[in-house]
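Heads up: the structure comes next, in structure tokens.
Readers should treat all values here as calculations from the given coordinates under stated rules, not as data from a laboratory. For clarity, every value in this text was computed on a predicted model and none was experimentally measured. Virtual Cβ from ideal backbone geometry, glycine too; neighbours counted across all protein chains shown.
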Amino acid sequence: MTRWLPSPLLSLALLLLWLMLNQTLEPAHLLLGAALAIAAPLLTAPLRPFKARIRRPGAVLRLFCWSFLEIIRSCFNVSRIILFSKADNLNSQFIKIPLSLQDPTGLAVLSCLINCTPGTVWVEILQDTHELSLHVFDLHDENWWIDTIKHRYESPLMTIFEQEVP
């Protein structure tokens, strides 16, 4: 089964996306969508060097909720700063956050979550210390950012993608 469908959920999502984009359930579109849903994961399988395994699906919902709330909160804060604050009061800085997360997929998801949040940019992971270099648009409390990244993002990602959480 995995030989022809290496990613069954991805195939299902592609088929549903194809049908929604075409807004039809005609047999020709079902057949073409199924062919694309089977072919795309097969052709892109060599591009995925390792397979991610979600160990705790319930933690995904908690992570999604925290991320969504943080993105909404940051949208309002950044908009307020841009529209109503003076540039003199802006405290834009780089901070370093020590990371315990080692899983490449978890790090990629963390990067996506941070970069989706207005006012923050993932700069790099420092190889020698395994610290995240993060740019914050208006920094007031560095400890708050470290606590937020470590507890709201990194801890659930470690629960989802790694065996044990320290």
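Summary table below
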{"quantity": "Chymotrypsin sites (Phe, Trp or Tyr not before Pro), loop per DSSP, at most 12 other Cβ atoms within 10 Å - longest free stretch of the chain", "calculated": "51-166"}
{"quantity": "Per principal axis, descending, Cα span of the chain in whole Å", "calculated": "62, 39, 27"}
{"quantity": "Stretchable slack from Ser100 to Leu126, in nm (0.36 nm times residue separation minus alpha-carbon distance)", "calculated": "8.1 nm"}
{"quantity": "Distance histogram for the stretch 73-166 (every C-alpha pair counted, 10 angstrom bins, percent rounded to whole numbers)", "calculated": "15, 48, 27, 9, 1"}
{"quantity": "Asn115 versus Leu9: modelled label distance in nm, points set 7 Å from Cα along the beta carbon direction", "calculated": "2.2 nm"}
{"quantity": "Whole-Å semi-axes of the ellipsoid equivalent to the stretch 8-47 (Cα gyration tensor, √5λ, descending)", "calculated": "20, 9, 7"}
{"quantity": "Cα-based helix-to-principal-axis angle, 8-22 vs the chain, degrees rounded to 10", "calculated": "80 degrees"}
{"quantity": "Cα pair distances in the stretch 125-166, grouped into 10 Å bins until the bin that holds the longest one, percent each", "calculated": "24, 48, 26, 3"}
{"quantity": "Taking the stretch 8-47 and dividing mean pair separation by its residue count, relative contact order in percent (alpha carbons under 8 Å, at least six apart)", "calculated": "50 percent"}
{"quantity": "Two-decimal log10 I(q)/I(0) for the stretch 25-108, as the Debye equation yields it once each C-alpha is a single scatterer, q = 0.24 Å⁻¹", "calculated": "-1.18"}
{"quantity": "Relative contact order (%) - the stretch 1-82, alpha-carbon pairs under 8 angstrom, separation at least six", "calculated": "29 percent"}
